[in-house]
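Visitor: Questions regarding the structure given below will be posed in turn.
Any read-out appearing in this document is the output of simple, stated calculations on the displayed coordinates, not a laboratory observation. Being a predicted model, the structure only gives us computed values, none of them experimental. Glycine gets a Cβ as well: all are built from the backbone with ideal geometry, and neighbour counts include every protein chain shown.
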Amino acid sequence: MTTGPKAARRSSHLSRNEPDDAVPLARREILVGVCGGIAAYKTCALASALVQRGAGVTVVMTAAATKFVGPLTFESLTSRRVLLDLWSAESDRDSQHIHVTERADLFIIAPATANSLGKIAHGIADDALTTLVLAAASPVLLAPAMNERMWKNPLVERNVQLLRDAGYLFVDPESGWQACRTRGEGRMAEPQTILETALQMLVPGKATGELPSRANLKRHQPG
């Protein structure tokens, strides 16, 4: 089991404020990171579902992600400004990458591309999303999405293992039709699966609807 100050800090986020049944994520703050992949359109449904369940949702997008879904879409769904870079100051002039990570209970990255997984695994913070991840005190849930050959590439597998070893959580990709017009493993998990995983993490016993297979929820617990 993970121990130490970082683990204690993360667990404190999970126990803060018991929500009611009607809005199970009430008073929860969730960061949603969106990377540049066609699966970004699915993240719109995820963000909306989180908001409907009472969560405060702040979205951060990579530059590539904005090529697939416009920031205005997420701003409309969350009623919050989307974070696109490190230079858009908050109204209180606080450092936004510190400000938003301090209040977050969970950080979901969906889709998590091979590029972003590699950066995070090696501690590279060269945009808003990767900087926020490295500054995060909350649990981080990654939902990878990429071509099957990329997902099974030894370099990507090594990066995924590094992240698991560091305590990052995964909702593994599914098999199915991909944008490259082939079938295989690498499709981002469905928004409902990611949502139910988040509910299980933040509000144990409160998840509603059909639960995802536990085989899809991977958590490394170093000794």
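Visitor: For a Förster distance of 30 Å, can you work out the FRET efficiency between the beta-carbons of S76 and E157, rounded to the nearest 0.05?
Guide: 0.20
Visitor: Compute the distance in nm between two label points, each set 7 Å from the Cα along the Cα-to-Cβ direction, one at R27 and one at H99.
Guide: Modelled inter-label distance: 2.4 nm.
Visitor: Which of the peptides 33-46, 124-137 is most tightly packed, and how do the rest follow, judged by the mean count of other Cβ atoms within 10 Å per residue?
Guide: Result, highest mean Cβ count within 10 Å first: 33-46, 124-137.
Visitor: Taking a virtual spin label 7 Å from the Cα of A63 along the C-beta vector, which residues in the range 27-50 bring their backbone nitrogen under 14 Å of it?
Guide: Within reach of a label on A63: 36.
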